1. Looking only at the range 87-109, decide whether some residue is touching a strand residue (DSSP E or B) at 6+ places or on another chain (Cβ under 6 Å), surrounded by fewer than 24 Cβ atoms within 10 Å (Cβ to Cβ) and modelled with pLDDT of 95 or more.
2. Inspect all residues belonging to the range 266-278 and state whether any of them is at pLDDT 95 or above and part of a loop (DSSP other than H, G, I, E, B).
3. Would you mind finding the one in 195, 258, 216 that is part of a loop (DSSP other than H, G, I, E, B), modelled with pLDDT under 95, crowded, with 24+ Cβ neighbours inside 10 Å and touching a helix residue (DSSP H, G or I) at 6+ places or on another chain (Cβ under 8 Å)?
4. Any residue at all in the range 128-136 that is closer than 22 Å to residue 80 by Cα, at pLDDT 95 or above and buried (at least 24 other Cβ atoms within 10 Å of the Cβ)?
5. Just checking, which of 430, 425 is in contact (Cβ under 8 Å) with a residue 40 or more places away in the chain and part of a helix (DSSP H, G or I)?
6. Just to verify a result, which residue in the range 277-308, among those that are over 21 Å from the mean Cα position of the chain (by Cα) and crowded, with 22+ Cβ neighbours inside 10 Å, is farthest from residue 250 (Cα to Cα)?
7. If residue 475 satisfies all but one of (1) outside any loop (DSSP other than H, G, I, E, B); (2) exposed (fewer than 15 other Cβ atoms within 10 Å of the Cβ), what's the number of the condition it fails?
8. Scan the range 441-456 residue by residue and report those that are assigned to a loop (DSSP other than H, G, I, E, B) and either more than 13 Å from residue 232 (Cα to Cα) or at pLDDT 90 or above (or both).
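The values are calculated or read from the model by the stated rules, or taken from the named source; none is laboratory data. Since this is a predicted model, take the numbers as computed values, not measurements. Virtual Cβ from ideal backbone geometry, glycine too; neighbours counted across all protein chains shown.
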């Protein structure tokens, strides 16, 4: 047994922003003990974590490093490529963290002075380095931080997918699902097989599929994103989901003690509370398997303290404008048919296919099958609720389960191809995986060319205020207050008792 350096590095990566948050946002009487608990937990993990899994060979590290660098650049991390329009907000978060005092707050119209209340983990290390080195170094810091997370996440996929972890990793970035298929109607129009002239290029079919699986407006649309798409649009969710899930899968798939899974789940909350909720079923399954280790105080205590602190922080957030039960919006039998079709295409197809090849050829281990089945149930449950202007609940709560599904499918395809199974069975499963990758393949080709962003943005971290003076000044519509998504009240338990005094910075253009 050797020390599990990959696990310790991953746990440290997840926890570092939490420690920065504690020092920057909490009153010292709370910050110092919480940081001490975090440091103690990482030191304990470094001493106790062992694995009998051999280190990744050099050739797999080459694949891991090459893919990580490719996707960091292609996704626009560090401003090395065209960035999607979500970066108008990302860059403002970076900018406000660098240029404003912590905890960040904004002048309110009636003295309320709302605080920044958002999923800050991805942004905080860059914010610290930007403060220390200057805002013009922030892009490089962002690239280094994002690339580090990708290296860790891809290393986990390669490790869990051995002996051909490199192939599993490549397929992991491709495997998606089949909910894009209604977009074939739009494609046939664009290539002249059906009447009609849809807008945009011939390869852009996502709009129709997204509209097809929408019930009562954009807040009730059902989308599970491909892994490359999640990285391009929401790296703050994606990296937390991949790394948090990898920490839990280490225990489930490699039969390692569950000592730190509660802490990893709690650490993921500041990356994304949606991701942390989506990770809970896997954490619970791991704890049930190894209850004694999961309750070890050196990890359970800092996990509970972290979860409580971050939970109270997010409870300071203002009420969501769009929230409810998806089924309450159904108004016709066709809605139920569309919903059933989505579940079949996005969840059921791969669960059935993997179950078949597992039964006939044994290419999926028992723990992987149980993890896949739990992931499929979690994906179904994630559709019951809608929350946010574009249903962030379904898109983000699903991310840990999607990591599991995409990994298990990639592992099954790789092992089946190199097994002694009949060629027709290997070819059929390979074609099924390839068919699922419609969106991923387009991103692979178009992202490096800067075409996915369509048309991309014109701001950077240093120039973020060209779009809005601050995150609190994001332009909204009469139907939706965009800035309210990122703001919270200081008149809460967190604001009154945990947070250190905040003094809003009166920059030019701030709301008075």
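1. For the range 87-109, residues touching a strand residue (DSSP E or B) at 6+ places or on another chain (Cβ under 6 Å), surrounded by fewer than 24 Cβ atoms within 10 Å (Cβ to Cβ) and modelled with pLDDT of 95 or more: present.
2. Checking the range 266-278: at least one residue is at pLDDT 95 or above and part of a loop (DSSP other than H, G, I, E, B).
3. Working: 195 fails: crowded, with 24+ Cβ neighbours inside 10 Å; 216 fails: crowded, with 24+ Cβ neighbours inside 10 Å.
Answer to the selection: 258.
4. So far as the range 128-136 goes, yes, one or more of its residues are closer than 22 Å to residue 80 by Cα, at pLDDT 95 or above and buried (at least 24 other Cβ atoms within 10 Å of the Cβ).
5. 425
6. Ranking the candidates gives 302 first.
7. Result: residue 475 fails condition (1) only.
8. 455
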